[in-house]
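> Have a look at this one before I ask anything.
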Amino acid sequence: MSEASAPSTETMEFKSELRQILHLITHSLYSHKEIFLRELISNASDAINKIRFNSINNSDLLDGDTEWKIRLIVDKDKKTLTVSDNGAGMSRDTIIDQLGTIAKSGTKAFIETLQQADEASRPELIGQFGVGFYSAFMVADRVTVVSRLAGDPVDQGVRWVSAGEGDFTVKIVDKESHGTDVTLHLKEDEQEFLEEWRLRQVVKEFSDFIEYPVVMDVERNEPVEGEDEKTEAVIREETLNSMKALWLRSKDEIEADEYNAFYRQISHDYGDPAKVIHYAAEGLTEFKVLLFIPAKRPFDMMFGDPKVGPRLYVQRVQIMENCEEMLPPYLRFIKGVVDCADLPLNVSREILQQNPILDRIRKNIVKRIFTTLEEMKKDEFDKYVDFFKELGLILKEGMAQDFENRDTLTSLAVYESMNTEAGKYISMDEYVDQMPPDQEEIYYLIGEHRGMLERTPYLEVFRDRGWNVLFMTDPIDEFVMSSVTEYRDKKYKAANKGDIAADESAKARAEDDEKTFKALIETLKGKISDVQDIRLSTRLKDSASCLVADEGAMSAHMERLMQRMGEGEGQDSKRILELNAGHPVVQGLQKLHDSDSSDVRVESIGRLLYEQAVVAEGSKLDDPVGFAGRINELLVKELIRV
């Protein structure tokens with residue numbers, strides 16, 4: 001293309017969100033700047049994966065170029081470092097869209113998180129939120145990108161230039177080969193990234209497992225042939241990374257540090273995984289698996305849309321970065337690689353959904369994940385509890401969704417309980433094994449935190465009988481327990497719902513109490529319309545009253561959750577008021593009623609018993625002013641006696 005006919009350079013502005021991100025990246029990341037190279041090499045690897053996949057059905061894209069490489073080019077005179085690949089490349093529209101804007105739902109979350117994160121974790125947020133390219137501006141005051149989309153003519157290359165401030169320029173140029181060259185014009189204080197030793201160090205640490213060679217021309221003094229004492233400078237291309245696909249190697253020859261480095265590379269986590277799952281399946285379907293169970297909840301699960309599923313390889317060609325069909329949604333925290341030679345190379349997502357091979361792989365790896373978690377729970381319980389605190393909330397989704405694996409998932413759940421000290425957990429098997437002979441059901445109580453649950457009056461009968469109660473404090477527990485009905489032939493029962501079976505002596509007392517308190521209860525039913533029913537309690541020992549829901553009805557905690565989500569406002573269900581026949585207040589109220597059933601104090605005290613039950617269950621009073629007035633009235637009468 002002649003200079004005269006070449007299109008003029010266009011100047012465009014970054015979107016405001018991207019300007020914010022660039023400013024934060026450039027000015028807020030003070031350490032670990034070397035991660036920019038990891039991100040650029042990773043992008044180059046993805047571009048090669050893309051062209052290899054696309055060329056399966058269109059070999060013309062390759063132009064005969066199948067020697068896949070990621071090249072580092074150093075120019076010390078110009079103070080530039082170039083990361084070059086012969087991958088899929090980008091068109092003009094694509095380069096404007098991908099490098100000039102950012103249309104990711106997690107953008108706002110990324111900005112907020114980057115501002116709040118400590119210095120050590122900031123670099124990992126870069127990869128988590130898909131803005132890795134912009135990390136180049138940590139070390140460069142200007143970045144030039146020259147790219148040509150595979151299949152486009154030579155004169156349809158595009159050059160993108162920006163200083164990472166408010167705008168960028170784009171121009172159509174000639175480019176002989178498809179692929180992308182990213183040139184960093186390094187800042188004066190970042191010249192170390194022109195040195196061979198530094199580049200080798202960074203590639204070894206962050207990109208050693210990239211499956212394509214990361215190469216660089218290096219100068220070496222070599223003997224002159226035939227002249228023993230004489231040497232000459234020779235430029236040779238050297239490969240900086242091992243290129244050993246970790247999942248294809250035997251796990252016996254892999255060190256823990258290698259697993260950890262690979263995990264950090266594919267997950268952008270800054271810590272080590274809790275567990276590594278590495279095996280080769282043989283038989284009807286052969287495939288290799290390398291999966292990681294995180295120790296912490298990944299950032300992309302807290303902000304934005306998480307990437308679900310492991311990377312899927314077929315004959316070492318990456319077919320999908322995230323194969324959602326490989327794992328159920330409740331195992332979306334699992335990271336890793338699955339490589340299967342039995343799948344067709346031109347596999348598509350539609351074909352995968354109907355492929356019986358994938359179904360066998362899915363069942364196999366899900367079973368292996370469950371086995372690994374079960375072993376960790378059995379052999380490293382404290383470590384497992386730490387994992388469950390971070391990711392149990394997600395794992396519990398499966399208890400409601402996956403009927404086939406419900407028992408297995410239930411066995412993996414751990415909870416605090418009434419009989420364990422704060423911060424200690426018990427497994428479901430431990431709970432069932434410790435049930436006394438006269439306990440027939442698994443009792444649980446759902447609330448916002450342990451402190452609220454352990455002081456509730458609902459536990460009084462269980463303490464008295466020596467039965468344990470599970471404390472469930474995750475927001476999802478209400479939804480899960482509406483689906484899960486039993487475990488190991490023991491039915492679940494909410495401690496604050498329905499009636500609690502009384503022992504023989506309590507049954508005898510209850511029959512007498514029913515006769516004694518019948519008239520009082522009928523009077524209170526006519527005066528307190530806020531409740532569905534009023535009855536004597538078999539669960540209270542120390543407290544005067546409590547509110548319980550019918551079996552199958554929505555609990556007070558569930559109502560509060562729904563209201564926070566903007567649902568169920570003003571639709572509070574009526575619950576049952578239970579009175580403790582052995583409590584002095586209830587006995588005194590019964591005597592007052594016997595002497596004069598029309599005494600206004602009967603309704604006032606009865607309503608106080610209801611209102612204190614509302615407070616005890618953690619709900620809000622409809623008439624807090626009236627409640628305060630009734631309390632003050634009692635206080636005044638008591639103080640007058642002094």
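> Which residues' amide hydrogens lie under 5 Å from the amide hydrogen of residue 492, considering only partners 5 or more residues apart or on another chain, with H built in the peptide plane?
The answer is 442, 486, 487.
> Still on this structure: Is there a quick way to get the dipole size of the chain? I mean about its Cα centre, with the Cβ of Lys and Arg at +1 and of Asp and Glu at -1; what is the value in debye to the nearest 20?
Here the size comes out at about 1660 debye.
> I've got another one for you. Evaluate E = 1/(1 + (r/R0)^6) for residue 640 and residue 619, where r is the Cβ-Cβ distance and R0 equals 35 Å; express this FRET efficiency to the nearest 0.05.
0.60
> Let me ask something additional. HN-Hα J couplings of segment 623-631 from phi, Karplus 6.51/-1.76/1.60, θ = phi - 60°, integer Hz, Gly and Pro as x?
10, x, 5, x, 4, 4, x, 5, 5
> Based solely on its DSSP helices, what 222 nm [θ] is calculated for the chain when runs of n ≥ 4 H residues each add -39,500 (n - 2.57) and the sum is averaged over all residues, nearest 500 deg cm²/dmol?
-11500 deg cm²/dmol
> To the nearest 20 debye, what charge dipole does segment 358-407 have about its Cα centre, counting +1 at the Cβ of each Lys and Arg and -1 at the Cβ of each Asp and Glu?
Around 220 debye, computed over segment 358-407.
> Could you point to the label whose value was computed as Cα Rg over 2.2 N^0.38 Å for the structure here, given [x] 1.31; [y] 1.00; [z] 1.12?
[x]
> With charges only on Cβ, +1 for K and R and -1 for D and E, what is the dipole size of segment 156-250 about its Cα centre, in debye, rounded to 20?
640
> Helix 35-54 versus the longest principal axis of the chain: what is the Cα-based angle in degrees, 0 to 90, to the nearest 10?
The answer is roughly 80 degrees.
> Still on this structure, please answer the following. Find which of 508, 265, 323 sits farthest along the positive direction of the dipole of the chain, computed with +1 on the beta-carbon of Lys and Arg, -1 on that of Asp and Glu, about the Cα centre.
The Cα lying farthest towards the positive end belongs to 508.
> For the pair residue 367 and residue 204, what calculated FRET efficiency results from E = 1/(1 + (r/R0)^6), where r is the Cβ-Cβ distance and R0 = 45 Å, to the nearest 0.05?
That gives a FRET efficiency of 0.80.
> Here's a follow-up. Output the relative contact order of the chain, whole-number percent, from Cα pairs under 8 angstrom with separation of 6+ residues.
9
> Could you give the length gained on full extension between residue 220 and residue 255, defined as 0.36 nm per residue of separation minus the Cα-Cα distance, in nm?
Full extension of this stretch gives 9.4 nm more.
> Taking Cα atoms, how many degrees apart are the long axis of helix 16-28 and the longest axis of the chain, rounded to 10 and kept between 0 and 90?
Long axis of 16-28 versus the principal axis of the chain: about 80 degrees.
> Does anyone have the angle between helix 584-595 and the longest principal axis of the chain? Alpha-carbon axes, 0 to 90°, nearest 10?
Between the helix axis and the principal axis of the chain, the angle is about 40 degrees.
> Using 1/(1 + (r/R0)^6) with R0 = 41 angstrom and r between the beta carbons of residue 295 and residue 60, what's the FRET efficiency to the nearest 0.05? Each step should come with its number before you reach the end.
Details: r = 47 Å, r/R0 = 1.14.
Calculated transfer efficiency: 0.30.
> Say the dipole of the chain comes from +1 at the beta carbon of Lys and Arg and -1 at that of Asp and Glu; which of 334, 89, 64 then lies farthest toward its positive end?
334
> Enter the Cα centre distance for the pair segment 203-253 and segment 178-193, rounded to the nearest angstrom.
Segment 203-253 and segment 178-193 have Cα centres spaced 21 Å from each other.
> Taking 28 Å as the cut-off for C-alpha to C-alpha distance, list the pairs among 490/620; 204/389; 204/296 that go past it.
490/620; 204/389
> At most 10 other Cβ atoms within 10 Å and a DSSP loop assignment: could you name the trypsin sites (Lys or Arg not before Pro) in segment 406-463 that fit?
455
> Let me ask something else. Once the dipole of the chain is set up with Lys and Arg at +1 and Asp and Glu at -1 on Cβ about the Cα centre, which of 420, 475, 609 lies farthest towards its positive end?
Towards the positive end, the residue furthest out is 609.
> Return the whole-Å distance between the Cα centroid of segment 418-463 and the Cα centroid of segment 595-642.
31
> Something else about it: With loop defined by DSSP as not H, G, I, E or B, and exposure as at most 13 other Cβ atoms within 10 Å, which is the longest segment of the chain clear of exposed chymotrypsin sites (Phe, Trp or Tyr not before Pro)?
Details: sites that count: 30, 403.
Between exposed loop sites, the widest span is 31-402.
> If you stretched the chain out fully between residue 284 and residue 598, how much longer would it get, using 0.36 nm times the residue separation minus the C-alpha to C-alpha distance?
Numbers: separation 314, 0.36 × 314 = 113.04 nm, distance 8.23 nm.
Extra length from residue 284 to residue 598 when fully extended: 104.8 nm.
> Follow-up. List the residues whose amide H sits under 5 Å from the amide H of residue 320, counting only those 5 or more places along or on another chain, with H placed 1.01 Å from N in the peptide plane.
Here the answer is 312, since their amide H atoms fall under 5 Å of that of residue 320.
> Now for a different question. Simple spin-label model, 7 Å along Cα-to-Cβ: residue 163 to residue 46 in nm?
2.8
> If you don't mind, another one. What is the gain in length, in nm to one decimal, between residue 231 and residue 515 on full extension, counting 0.36 nm per residue of separation less the C-alpha to C-alpha distance?
91.1 nm
All of the numbers you see were taken from the coordinates with simple rules; none came from a lab. Computed from a prediction, not measured in an experiment: that's the story for all the values here. Note that we place each Cβ from the backbone using ideal geometry, even for glycine, and neighbour counts take in every protein chain shown.
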